[in-house]
Each structure stands twice: as structure tokens, then as C-alpha cells.
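We did not get these values from a lab; they are worked out from the coordinates using the rules stated. What you see is a predicted model, and the numbers here were worked out from it, not measured in a lab. Cβ placement follows ideal geometry from the backbone for every residue including glycine, while neighbour counts extend to all protein chains displayed.
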Amino acid sequence: MSWQVGEVKITRIVELYDFTDNISMTMPDATAEEVIAMKWLHPHYATPEGLQRMNFQGFVVQTPARNIVVDSCIGAGRERDFDVFCDLPEGFLEDLESLGISRHDVDTVLCTHLHFDHVGWNTYKDPETGEYKPTFPNAKYLFGEKEYKAWQEVIRHDGHHSDNHLVECVDPIVELGLAEFIDANHTIAPGITTEPSHGHTPGHVHVCIESKGERAVITGDLMHHPMQCAMPHRHATFDLDKDSGKATRIGFVEKYRDSGVVVIGAHFFDPTAGHIETGADGETWFHGLGL
Ligand SMILES: [Zn+2]
């Protein structure tokens with residue numbers, strides 16, 4: 001699935017499709033009854049039983065001059081805390097190649113934050129040596145300086161978070177000198193910028209794309225499910241700092257509601273892109289493209 005924004009083409013690469021779970025995975029206080037009652041979530045973003053539907057996916061941003069990967073997803077053959085994320089097949093690179101891009105053609109990788117499902121394909125495991133090598137050897141890997149420092153100095157040692165994914169997918173990149181530590185407000189390419197959206201993690205950023213007067217934004221994990229457009233004030237389960245995550249989400253929804261900007265949700269199921277709009281009843285909702 002691709003979206004054209006002026007001269008920029010954005011394509012999602014899905015690694016885990018239509019993952020369903022209780023809405024409390026996203027918002028601890030939300031209930032299946034609330035999901036069932038929110039009509040616009042059905043059938044695309046929720047099941048009739050009130051489970052949320054979501055994807056785990058990354059994005060390729062192609063400009064006439066650049067091939068940028070935004071969030072490199074989970075990775076193949078990994079061992080992670082939950083079975084569903086373990087031993088995934090190798091489809092990511094094939095999907096990339098179907099766009100006419102080999103892994104050698106990617107010039108930039110941007111990780112919105114350093115959770116395991118946003119850094120996975122930064123590296124691959126060499127079958128001969130067992131070493132983790134850069135998947136995109138010609139790319140600069142952009143990590144938020146604040147984000148990297150927070151994981152390095154605190155989170156990976158806090159006893160609550162496994163750092164396997166850093167050992168496999170971030171440390172080798174840093175050791176090889178392929179990492180660039182960026183300010184939260186960073187220009188990746190003309191018209192492609194990051195902005196701070198801290199809260200989910202300490203240095204989380206989202207990505208803004210502007211070309212020929214058209215605009216889109218890739219959310220990262222400042223939200224996980226379209227329902228959060230309607231209730232940005234609810235705490236989010238995986239936000240490390242719940243109050244600042246909430247403030248970020250409220251600001252984001254206010255900024256983009258009725259703006260015409262295409263919002264691409266990092267974990268949104270089909271349609272992954274849409275507009276945050278005010279409905280006839282005055283309530284905010286997410287209007288998936290094509291619906
Ligand atoms: Zn995520």
C-alpha cells in the first residue's frame with residue numbers, strides 16, 4: 001500500500017498483519033464495550049467483539065533523490081518477549097525489492113524511537129558467523145540523541161526492559177560508525193523533517209513530509225490505534241511517561257484535526273492512512289482514506 005504526497009511516495013511494509021488484542025493493550029482504561037459503541041471503528045479498526053486490529057509495519061519514503069526507511073519493524077528470526085514477534089519470516093526485504101529498491105540503495109534509516117518493533121531490520125544475522133550486520137550498509141542510521149541517551153543510560157538497565165533488541169539492532173550500528181544522533185527537530189531531506197513527540201519514549205519523534213503543497217505525517221508510536229484520535233486524553237499503556245504522552249497526543253490531534261494532512265499511523269490496520277476529522281456530532285474521528 002503506497003501513498004503519493006507531491007513527489008514523495010510512501011509505502012508501508014507490513015511484518016505482522018491484522019494482529020488483534022484487547023483495546024487495553026493500547027489504553028489501559030478502555031473497554032471492549034467502548035470499542036463496540038464507536039461505530040466508525042468497524043469493521044476496519046476493530047472486530048465485532050470489540051478487539052482492536054493493528055499491524056506491525058515499517059515505511060519506505062522515496063523522493064526523486066532518496067530512499068529512506070522510517071522504522072525498520074521487528075526483523076526476521078528474532079527472539080523477543082512474546083511468541084508472536086519471534087521467528088518472523090524474511091519478507092521485509094522482498095517487499096522492499098518489489099519497490100525496485102535493494103537494501104544497498106537505502107541511504108537513510110530513521111527510527112522514531114528505539115522499541116524492538118521499530119529497529120528490527122536495522123541489522124540481519126549473518127548465517128555463517130551469527131554476527132548482526134547492517135541490513136542497509138550504505139545508509140546513515142538516524143537515532144534521536146535524547147532517545148539513544150535515555151536507553152543507554154537508563155532504560156536498558158532499569159530491569160523492566162530487555163535490551164536484546166539494542167544488542168542486536170542498535171549497538172552494531174553504533175559500533176560501525178553508521179549512526180548519527182539527531183536533534184528531535186531534524187531535516188532528513190528537503191521537505192522531510194522530524195518533530196519531537198516525547199512521552200511514549202523520552203526522545204520519540206514523528207516524521208513530517210511536505211512536497212508540492214501536499215502534506216503527510218507518520219505518527220510513530222505517539223498513538224497505536226485510531227481510537228486514540230477520539231480519546232487522546234486517555235493514558236496509553238506503553239507510554240513510558242504517561243502524562244507527557246497524553247499531552248503529546250492531545251497536541252497532535254489538535255494540530256492535525258481538519259488540517260487536510262494525511263496521517264499515517266505506524267500501527268494502524270487498513271486503511272493505515274487517513275485524516276483526523278471533526279464529525280457531524282462534534283466528536284473527533286479518524287477517517288481512513290477510501291472509506
Ligand atoms: Zn511500535
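Data for the structure
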| read-out | value |
| --- | --- |
| Filter result for residue 218 (hydrophobic (A, V, I, L, M, F, W, C), under 15 Å from the mean Cα position of the chain (by Cα) and under 23 Å from residue 52 (Cα atoms)) | yes |
| Residue ID - nearest to the ligand (Cβ to nearest atom), chosen from residues in the stretch 85-110 that are in a helix (DSSP H, G or I), in contact (Cβ under 8 Å) with a residue 12 or more places away in the chain and closer than 27 Å to residue 5 by Cα | 92 |
| Positions within the stretch 213-242 being over 15 Å from residue 34 (Cα atoms) and either basic (Lys, Arg) or outside any loop (DSSP other than H, G, I, E, B) (or both), in sequence order | 214, 215, 216, 217, 218, 220, 221, 222, 242 |
| Single residue of 279, 213, 203 found to be surrounded by 23 or more Cβ atoms within 10 Å (Cβ to Cβ) and either under 17 Å from the mean Cα position of the chain (by Cα) or touching a residue at least 12 places away in the same chain (Cβ under 8 Å) (or both) | 203 |
| Residue within the stretch 91-100 that is under 20 Å from residue 201 (Cα atoms) and touching a helix residue (DSSP H, G or I) at 6+ places or on another chain (Cβ under 8 Å) present | no |
| Residue 87 being on the phi > 0 side of the Ramachandran plot and either out of contact with any strand residue (DSSP E or B) (no Cβ under 6 Å at 6 or more places or on another chain) or of a type in the set (Asp, Glu) (or both) | yes |
| Hey, residue 82 within 13 Å of the ligand (Cβ to nearest atom) and either over 28 Å from residue 154 (Cβ atoms) or crowded, with 20+ Cβ neighbours inside 10 Å (or both) or not | no |
| Out of 103, 80, sole residue that is charged (D, E, K, R) and within 24 Å of residue 203 (Cα to Cα) | 80 |
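Per-residue answers, yes or no, for (1) away from the ligand (no atom under 16 Å from the Cβ); (2) of a type in the set (D, E, K, R):
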| site | (1), (2) |
| --- | --- |
| 207 | no, no |
| 223 | no, no |
| 235 | yes, no |
| 254 | yes, yes |
| 272 | no, no |
